[in-house]
Amino acid sequence: MTRSFLSIRAVRKTFGAFVAVHDVTIEVPRGEFLTFLGPSGSGKSTTLYAIAGFQDPTSGDVLLEDKSLLAVPSHKRNIGMVFQRYTLFPNLSVAENVAFPLSVRRRPDAEVKRKVADMLALVRLENFADRHPGALSGGQQQRVALARALAYDPPILLMDEPLSALDKKLRQEIQAEIRRIHRETGVTILYVTHDQEEALHLSDRIALFKEGRIEQIGTGEDLYVRPASEFVAGFIGNSNFLPAEHLETAAGAATVRLADGSIVTGLTAAEAFSKGQKVRLMVRPEALSLAPGPASAALAVDIVDTAFFGDRRRVLARTASGDEIDVRPTSDTIDPAGAAAGSGQRIYFDPASAFLFPA
Amino acid sequence: MLLDYDRLGWLRVALVGFTAAVAAFLLLPVVFIVLLSFGSSRWLAFPPPGWTLKWYEQLFADPTWIDAALTSARIAAMSAVLAVVIGLFASFALVRGEFRGRQLLRGLLLTPMVLPVVVFAIAIYAFFLRIGLAGTTIGFVIAHTILALPFAIIPITAALEGFDKSIEDAAIVCGASPLQARLRITLPSIRIGIFSAAIFSFLASWDEVVVAIFMASPTLQTLPVKIWGSLRADLSPVVAAASSLLVGLTLCLMIVTALLRRKLSR
Amino acid sequence: MQGSSLRRGSIAGLTAGSGSALPALLLVGLFFIVPVVALLLRSVTDPEPGLQNYAALFGSGTYVRVFLNTFLVAAVVTAVTILVAFPVAWMLAIMPPAYGSIVFGIIILSMWTNLLTRTYAWMVLLQRTGVINRTLMGLGIIQEPLPLINNLAGVTIGMVYIMLPFMILPLVGTLRAIDPMTLRAAALCGASPFQAFRRILLPLSLPGIAAGGLMVFVMSLGYFVTPALLGGTSNMMLAEMIAQTVQSLLNWGLGSAAAFVLLVITMALYALQLRLVGARRTGGGL
């Protein structure tokens, strides 16, 4: 077994009776881009603060290369961090901001100068060295913050929702910058966000938090294609849920009866269900189409509304039992003729792409 | 439309006229006293029969006026330094601390500003009589520091509240010790608040009359006490000369403040 | 839920508990709380234990008249200050900043000018042979000089002059916080300027007026310098009476009792003012 890099071991954090983090354990290999994803209050930021040293965990340990960090004060942990809000030092220029961590480490002037130039080049702000933070846009400020956090070559970079204060276009632009910088520097990044698209776009792996626990950890594709729970399926990507009754499971393929009485077979079950148990069938809007394919299951629906978005079409359907279904056929299954509003239509999906979760 | 300056119509004429009149009312005594100090009439006739500098000559010829001014400056400077330093420490506790009774403490430290000065004046006077600090510079400085403290705490806490704590955290993550982070990042960032605190605390002591009247001794009196004494005796034009110099000082202070603020808030 | 907002205990936060407030607490405790409490004790112990000082205070027509006069002056000053300050604050809130800053400059200059200097100027301006009487007589408006000093008129003019900045500056803040759109909407709804003023602008600025007015009232109640110099002997105010009782009559017991009464009234009104301001901050109405 290789020596581990960053280990978060059974970290638990309570505030009075409230448990913010329940025994979270993660192994992070060197160079990984790991995202803590989850709704606000799910414990992802608290876990990050425990690594940064802003909060001492109630129990558990955080180890970097097999040495515990907990006894080390924040300013000696040698960790880089980019914050949610703009945290540039308002009294210092851009270059002085980037030089700050080096100057408190008493590095020689020549090295500081060279490093500041390198870092500003890395975030492409060479021409802004003498500006003051107040004269920068939000995106520029976060890029300087990134340069400052990387200036002392920290082994780990923590990012706490760094893009949440930026508008959408800027967010995408800086996401690309972060990806490039991760590629170029190879730094290990722990990234906190509540935006699933951001997580999918940036990360090697995603740890999805719910109520202080890790609900599922894996690559973005794992979470999307093989969600471990209804919460994961609902949080990552879009999904439709239909109430159903479990009939039987044979050879890993489950059969259910939907509310309108139709039977669907060949489904993937998240766990073992008993006969007659109430379950929920999840199917992604992209997995639904208006034309039958091979091995398709069919649903009888009324088409309520259709909308055209250029690269795709969105259809809103409703089952006889009143459940609304969002349908976003992928381009090869667009069927303009079948997309007209009206009753007595059918939509199709591959049962292998659908999941069953406990109700 | 009542809050659209361009759409007030005739009402705007009336309101602007009224505002100008009030501005004139506020300016009147200040300008008047300066003009009067150059007037030659012993009886403060206005407009003066002629112009003269003799009241200023008398003022500077009288060592008690100079003494009083120096005493005031000394006490105000010491009180301001003490109030700013003590207020700075207190402000960190009031803004950053998480402890029971924080609001109570804030209320307590601001009370000297609200309590009628005359109550504090006779209280501290009686107290100092007993412990032997009445009529001493130390007694003056202690009493004035207490009165100046709220004027130091208010701007510093305001500045500290407007300063994002995450910035200090960022400095610490960057490797600065908590003390380094405060000295190199936080204090420079709230310097406008500290500067305002210094000006206000200085003025709070410099202009203070009531405590000073009680505390003053024949050998130790501040400028306001000296003026108070002269006013009660007669309306000598020398007081006008002294007052005009005080107006000049205020103007200088305002200009310096405006310039420094512009420079600091760059 | 407590803690659910991810309250951040941060590194520096741990070192900044209550400890750094200790010097301030010591200073205020030893040289403010102790002397004031000692003074209050004196009101029931000097010259002998008992409530005789309070009995003397409320039993004597002279002292009761001082109380009534104090309230009267404070009320008149507050009313006049509000009436004068409101239109000025209104204009300052919406004026082009180029003109507004001149008025602000004048307000600051007046506020920062030595208190005695300002009061002295009014003594000279208001006296029988002063500029104001001479001007009015020269214009033929009056035949005899008006008695403007050593009476209620003198105190009111001098006090309003001092209190105006304390009313105008916070009111500008209140008025600036009102969205001009609401008044445009009122006009479109058919409200005349007077109706819009009475039913929209005035109610919206009422919290600011109430808070500022209460502050002016409290400050006026305990004011010493201006009433002592511009007021007359027949309308003495409480603060001056306290000072005289202690300084000239050396009657510490009675002075302390009067000081205690002033303290209680002031603190009660101050608490009320804090609640008004607090209610406004949390979005509650009056």
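The values are calculated or read from the model by the stated rules, or taken from the named source; none is laboratory data. The model shown is predicted, which means the values in this text are computed figures rather than measured ones. Don't worry about glycine lacking a Cβ; one is built from the backbone with ideal geometry, like all the others, and counts go over all protein chains shown.
Values for this structure:
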{"quantity": "Some residue of the stretch B:234-243 being buried (at least 22 other Cβ atoms within 10 Å of the Cβ), within 11 Å of chain C (Cβ to nearest Cβ), in contact with a Lys or Arg (Cβ under 7 Å, 6 or more places away or on another chain) and closer than 20 Å to residue C:119 by Cβ", "calculated": "yes"}
{"quantity": "Number of the exception - residue C:64 against (1) closer than 30 Å to residue C:258 by Cα; (2) in contact (Cβ under 8 Å) with a residue 60 or more places away in the chain; (3) under 25 Å from the mean Cα position of the chain (by Cα); (4) more than 7 Å from every other protein chain (Cβ to nearest Cβ)", "calculated": "(2)"}
{"quantity": "Residue in the stretch C:152-163 that is closer than 30 Å to residue B:7 by Cα, touching a residue at least 60 places away in the same chain (Cβ under 8 Å) and crowded, with 18+ Cβ neighbours inside 10 Å present", "calculated": "no"}
{"quantity": "Top-ranked residue in the stretch C:161-195 [being aromatic (Phe, Trp, Tyr) and more than 9 Å from every other protein chain (Cβ to nearest Cβ); ranked as nearest to residue C:207 (Cα to Cα)]", "calculated": "C:166"}
{"quantity": "Verdict on residue B:211 being in contact (Cβ under 8 Å) with a residue 24 or more places away in the chain, more than 20 Å from the chain's Cα centre (by Cα) and either within 30 Å of residue C:248 (Cα to Cα) or more than 10 Å from every other protein chain (Cβ to nearest Cβ) (or both)", "calculated": "no"}
{"quantity": "Of residues in the stretch A:143-152 being of a type outside the set (Phe, Trp, Tyr) and under 20 Å from residue B:175 (Cβ atoms), the one surrounded by the most Cβ atoms within 10 Å (Cβ to Cβ)", "calculated": "A:148"}
{"quantity": "Restricting the stretch A:276-287 to residues that are of a type in the set (D, E, K, R) and outside any loop (DSSP other than H, G, I, E, B), the residue that is farthest from residue A:359 (Cα to Cα)", "calculated": "A:286"}
{"quantity": "Answer from B:24, B:14, B:76, B:20 - the residue that is in the same structural domain as residue B:205 (by TED's automatic domain parsing) and not in a loop (DSSP other than H, G, I, E, B)", "calculated": "B:76"}
{"quantity": "Test: residue in the stretch B:149-160 that is over 23 Å from residue C:112 (Cβ atoms), touching a Ser or Thr at 6+ places or on another chain (Cβ under 8 Å), buried (at least 19 other Cβ atoms within 10 Å of the Cβ) and not basic (Lys, Arg)", "calculated": "yes"}
{"quantity": "Helices (runs of 4 or more DSSP H) contained in the stretch B:111-196 and holding at least 3 residues within 30 Å of residue C:247 (Cα to Cα)", "calculated": "B:117-131, B:137-161"}
{"quantity": "Residue B:169 being surrounded by fewer than 21 Cβ atoms within 10 Å (Cβ to Cβ), under 30 Å from residue A:54 (Cα atoms) and at the interface with another protein chain (Cβ under 10 Å from one of its Cβ atoms)", "calculated": "no"}
{"quantity": "Odd one out for residue A:35, checked against (1) at pLDDT below 95; (2) closer than 26 Å to residue A:139 by Cα; (3) of a type in the set (Ser, Thr, Tyr)", "calculated": "(1)"}
{"quantity": "Helices (runs of 4 or more DSSP H) (entirely within the stretch C:6-56) containing at least 1 residues that are modelled with pLDDT of 85 or more and not small (Gly, Ala, Ser)", "calculated": "C:22-28, C:34-45"}
{"quantity": "Which numbered condition residue C:176 misses (of (1) free of Cβ contacts under 8 Å to residues at least 24 places away in the same chain; (2) surrounded by fewer than 16 Cβ atoms within 10 Å (Cβ to Cβ))", "calculated": "(1)"}
{"quantity": "Residue in the stretch A:134-156 that is farther than 27 Å from residue A:12 by Cβ and under 15 Å from the mean Cα position of the chain (by Cα) present", "calculated": "no"}
{"quantity": "Residue list for the stretch A:126-170, filter: in a helix (DSSP H, G or I), touching a helix residue (DSSP H, G or I) at 6+ places or on another chain (Cβ under 8 Å) and without any contact (Cβ under 8 Å) to a residue 40 or more places away in the chain", "calculated": "A:126, A:128, A:139, A:140, A:143, A:170"}
{"quantity": "Among residues of the stretch A:273-306, those that are charged (D, E, K, R) and under 16 Å from residue A:351 (Cβ atoms), counted", "calculated": "3"}
{"quantity": "Total residues in the stretch B:95-121, condition closer than 20 Å to residue C:18 by Cβ, within 7 Å of chain C (Cβ to nearest Cβ) and among the hydrophobic types (A, V, I, L, M, F, W, C)", "calculated": "4"}
{"quantity": "Test: residue in the stretch C:53-67 that is closer than 24 Å to residue C:213 by Cα, touching a Phe, Trp or Tyr at 6+ places or on another chain (Cβ under 6 Å) and not aromatic (Phe, Trp, Tyr)", "calculated": "no"}
{"quantity": "Residue list for the stretch A:66-117, filter: more than 26 Å from residue A:193 (Cα to Cα), among the basic types (Lys, Arg) and at the interface with chain B (Cβ under 7 Å from one of its Cβ atoms)", "calculated": "A:105"}
{"quantity": "Enumerated strands (runs of 3 or more DSSP E) restricted to the stretch A:185-275, each holding at least 3 residues that are polar (S, T, N, Q) and within 19 Å of residue A:48 (Cβ to Cβ)", "calculated": "none"}
{"quantity": "Flag if residue B:83 is more than 7 Å from chain C (Cβ to nearest Cβ), in a helix (DSSP H, G or I) and over 17 Å from residue B:157 (Cα atoms)", "calculated": "no"}
{"quantity": "Residues located in the stretch B:244-266, provided they are outside any helix (DSSP H, G or I) and either of a type outside the set (Gly, Ala, Ser) or within 11 Å of chain C (Cβ to nearest Cβ) (or both)", "calculated": "B:266"}
{"quantity": "Yes/no for residue C:118 being basic (Lys, Arg), surrounded by 15 or more Cβ atoms within 10 Å (Cβ to Cβ) and either in contact with a helix residue (DSSP H, G or I) (Cβ under 6 Å, 6 or more places away or on another chain) or under 22 Å from residue B:247 (Cβ atoms) (or both)", "calculated": "yes"}
{"quantity": "Given (1) in contact (Cβ under 8 Å) with a residue 12 or more places away in the chain; (2) farther than 15 Å from residue A:149 by Cα; (3) buried (at least 19 other Cβ atoms within 10 Å of the Cβ), index of the condition residue A:95 fails", "calculated": "(2)"}
{"quantity": "Output for the stretch B:39-80, where each listed residue is without any contact (Cβ under 8 Å) to a residue 24 or more places away in the chain, aromatic (Phe, Trp, Tyr) and more than 14 Å from every other protein chain (Cβ to nearest Cβ)", "calculated": "B:51, B:60"}
{"quantity": "Matching residues in the stretch A:70-90 - criterion: being within 19 Å of residue A:164 (Cα to Cα) and either hydroxyl-bearing (Ser, Thr, Tyr) or not in a loop (DSSP other than H, G, I, E, B) (or both)", "calculated": "A:80, A:81, A:82, A:86, A:87"}
